[in-house]
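Everything on this sheet refers to the single structure shown next.
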Amino acid sequence: MRIRSQIVFSMIGAAVLIGFVGSVAIFAQTVATRSLGLIEAGNVARGLANTLTFTASDGSPSLLDRPEALREFLQMQHDRSLRDFVIVDPNKIVIANASDDAHRIGSHFDHDTGNEVGQTLADGVPRQFVDPHEGVSVLTVPIERSEGKIVGAVLLEYDPLLRAAEQRTSDLLWLVGLAVAVAMLVAAGFAWVLLRRFGAGMSHMMKGMEALAKGDATARVSHVAKDEFGTLADGFNAMADQLASARAHIEDIVETVAEGIVVLESDGRIASVNPSAAMMIGRRADKIVGQPWDSVLKMHDHRGGAFASGASPVDMALSTGRRHQGEVRLIRSDGSQLPAIASCSPLSRLDGGLVLSLNDISELRHAEGVVNERADQLAALNSELHERSETTARLVKLGELLQACVTFPEAFSVVGAAMTEFLGGLSGTVHLTSASRNLVEEVVHWGGIKSSINQFAPEDCWALRRGQEHVAGPGMLTPRCAHITENGNKGYVCMPLAAQGETLGILHLCEPNAAERPQWLAERRQILRGVVDTLALALANLRLRETLRQQSIRDPNTGLFNRRYLEETSSRELRRVERSGQPLTMIMLDVDHFKQFNDTFGHEAGDLVLKQVAATLIEHARDSDIVSRYGGEEFALVMPGCSIDEGAERAETLRLAIRQLHLAHRGRTLGTVTASFGVAAYPEQAAGWAELANAADHALYNAKGEGRDRVVVARAGQPGERPAIQLVSTARTSADGQG
């Protein structure tokens, strides 16, 4: 049934209901007249009883305590209302009346054949009875003091009230009948006006909504009347403006992002593409939209071979409705192949569809190709050396072992074991240059002679100064390096470990019988050169891999782990402590007023603050703790095996340690550095990593809201509720007056 018809039937029903209600009201009024008369009489009697016991604030006695004033008051009430009143005490003795000669003052009231007055005096419940001597209806109401004590009763003749109520009822019946007729006419008129206004407003609303549903972002409702439809129109227009703004914002992001984005309908047709995706595919966007995806978006597997039927990430996502991701090669319109990561995520809308994101990894594959090319070159060189001699074969084995190493300590253990075999009779060491390039440190030693100190400056070694090997020994005029520990007849050589344009350190060898074996170096130079090149390249690759790994998991400014590493590692830690039944506590902290440091002292000073806070966190962290820069001036500390109370104590210790930092930048004191802390623990506040991070973040937010420089601990709440908080510490005033 249409809404217009519903309104018509509703108005007709309203008119009928008005008539019915009017009839019922007339009948009910007639029936209730006597009850209303009794109620009115009761109200009058109660009001009189309250007046008799009223005591003024100045302490003057009530009317009940002043007999003469009481009689005058009752006489006045009788003259005004033409009703008879009788006042009795708790023994039913008449103490006052008004124009009632049948009940004299001082006489016992005995016209209640059922002792209704006595019962009311006993239990305080009003009662009515008929006076058998006068044939009138009487109502008795108790008189109570403020403390609840019954000190008498008021007897009221209520027949006059009943007759007055009946007269009012008769007058009211005429008014109700007339009002019902007028209400029915008004309802009909309002129905006609309402239908016209409703029809006009609904027409405008329907047109606007239909246009918006068809995709017209400029659709607006033009209804301008100042009524509910006008309010709905304003709300609809405001919503349309917000939708248009949000859509424009999202479109800007999609249009400018470097990642290729393709939206597919549930039938596999392409709904939209962004410029990056069109560039990757190699076609214009208007030639792509509306086409089946497999007709314009051709992809092979990561090896370049064609996918089996239904095996591509897009096919699998469309058929299963689940997310699929994999490396593919896009076959562009010019026949070239573009390596990319294809990620297909189904949409949650009712009509289905999915979003395909394409990440160009051609540069990564090119870099891998370069690395593989270098590895191939090294393998070819090792193969050539293997063909020349058995020594070269061992060198190839060494190169293979070093290439298989994934850490520096592992590589150094291989070098230490292999050097004794390669260079039998010679002692030696490998020294690497530190990251700061101001120190050269020993990393591995072999043989029985220790001819070099463990650490020295780069300028202490002639090989590092000159960038080439340096040999010294008996009968040679070359100077000895400053890092050599003896000046006897022993000979030594320092060879720079250089690869990929960078000097990584030196290989140092010592010959104890150099005076007797002047050719000790020449007979080993070929293999030594191969060892140096192999070792240098392996160390360079390890350093490159370690650098890439550190860049991917560490913040470059503070050296702490970044948020991605924190989330990956903490999720594993959470599963580990769940299996072991141990707790896990997370502390999130934020440097207070960090923007003020940047604005006042500059970004270099802000970076100094972040580095010092990071150093403080590392100084107070255990080996098992995970310290990370969560983002901006916010840090996170995950402590496996730590309870919520221990975490709160650790947070308070960190807060005090940070507060005690005294920093200066370019001769200017930066002032006191403070931080706010939020603490949450598994499993008290969360069942998973996301809930744990959210609980700690809420606690940090509350610490900020409570005034900063404090520790707030999240407390567990009901499911779906925001975690409660407990304030652990606040900023305290120190001896120098700082708060």
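The values are calculated or read from the model by the stated rules, or taken from the named source; none is laboratory data. Being a predicted model, the structure only gives us computed values, none of them experimental. Note that we place each Cβ from the backbone using ideal geometry, even for glycine, and neighbour counts take in every protein chain shown. Quick note on the areas: whole protein, heavy atoms, side chains included, nothing else; ligands and nucleic acids left out. Shrake-Rupley method; radii C 1.70, N 1.55, O 1.52, S 1.80 Å.
A compact table of results
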read-out: Test: Val613 is more than 23 Å from the chain's Cα centre (by Cα) and either closer than 22 Å to Arg564 by Cβ or surrounded by fewer than 15 Cβ atoms within 10 Å (Cβ to Cβ) (or both); value: yes
read-out: Set Ala211, Ala183: member being modelled with pLDDT of 70 or more and closer than 30 Å to Glu251 by Cβ; value: Ala211
read-out: Subset tally (residues that are part of a helix (DSSP H, G or I), in contact (Cβ under 8 Å) with a residue 60 or more places away in the chain and farther than 17 Å from Leu381 by Cβ) for the range 402-415; value: 3
read-out: Residue check, Leu70 hydrophobic (A, V, I, L, M, F, W, C) and modelled with pLDDT under 75; value: no
read-out: Unique match (being at pLDDT 80 or above, surrounded by 15 or more Cβ atoms within 10 Å (Cβ to Cβ) and under 15 Å from Arg529 (Cα atoms)) among Leu378, Leu398; value: Leu378
read-out: Residues of the range 252-281 satisfying the condition of being part of a strand (DSSP E or B) and either surrounded by fewer than 16 Cβ atoms within 10 Å (Cβ to Cβ) or of a type in the set (Gly, Ala, Ser) (or both); value: Gly260, Arg269, Ala271, Ser272
read-out: Residue ID - modelled with the lowest pLDDT, chosen from residues in the range 526-562 that are among the basic types (Lys, Arg) and either under 25 Å from Ala367 (Cβ atoms) or touching a Cys at 6+ places or on another chain (Cβ under 9 Å) (or both); value: Arg549
read-out: Check on Lys298, touching a strand residue (DSSP E or B) at 6+ places or on another chain (Cβ under 6 Å) and open to solvent by 20 Å² or more (accessible area, probe 1.4 Å); value: yes
read-out: Qualifying residues in the range 86-140 (those that are β-branched (Val, Ile, Thr) and more than 21 Å from Val151 (Cα to Cα)) - the one surrounded by the fewest Cβ atoms within 10 Å (Cβ to Cβ); value: Thr113
read-out: Some residue of the range 549-562 being farther than 30 Å from Leu692 by Cβ and open to solvent by less than 40 Å² (accessible area, probe 1.4 Å); value: no
read-out: So Arg323, is it surrounded by fewer than 11 Cβ atoms within 10 Å (Cβ to Cβ) and under 32 Å from the mean Cα position of the chain (by Cα); value: no
read-out: For Ala122: the one exception among (1) at pLDDT below 80; (2) part of a helix (DSSP H, G or I); (3) under 19 Å from Asn50 (Cα atoms); (4) not β-branched (Val, Ile, Thr); value: (1)
read-out: Number of the condition not met by Ser734 [criteria: (1) at pLDDT 90 or above; (2) touching a helix residue (DSSP H, G or I) at 6+ places or on another chain (Cβ under 9 Å); (3) over 16 Å from Ala651 (Cα atoms)]; value: (1)
read-out: Some residue of the range 380-401 being polar (S, T, N, Q), in a strand (DSSP E or B) and over 30 Å from Ser266 (Cβ atoms); value: no
read-out: The range 649-685: number of residues that are of a type outside the set (D, E, K, R) and either crowded, with 22+ Cβ neighbours inside 10 Å or in a loop (DSSP other than H, G, I, E, B) (or both); value: 18
read-out: Every residue from the range 518-548 that is among the polar types (S, T, N, Q) and open to solvent by less than 20 Å² (accessible area, probe 1.4 Å); value: Thr534
read-out: Pairs where the first residue, in the range 119-141, is at positive phi and the second is surrounded by 19 or more Cβ atoms within 10 Å (Cβ to Cβ) and outside any helix (DSSP H, G or I), C-beta under 8 Å, 6+ apart; value: Gly124/Pro142
read-out: Those residues of the range 419-436 which are within 20 Å of Ala540 (Cα to Cα) and among the small types (Gly, Ala, Ser), in sequence order; value: Ser434, Ala435, Ser436
read-out: Matching residues, the range 563-582, being open to solvent by 70 Å² or more (accessible area, probe 1.4 Å), modelled with pLDDT of 85 or more and of a type in the set (Asp, Glu); value: Glu578
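Quick grid of which residues meet (1) open to solvent by 70 Å² or more (accessible area, probe 1.4 Å); (2) farther than 20 Å from Leu423 by Cα; (3) touching an Asp or Glu at 6+ places or on another chain (Cβ under 9 Å); (4) not in a strand (DSSP E or B):
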residue: Val471; (1), (2), (3), (4): no, no, no, no
residue: Pro479; (1), (2), (3), (4): no, yes, no, yes
residue: Thr503; (1), (2), (3), (4): no, yes, no, no
residue: Leu509; (1), (2), (3), (4): no, no, no, no
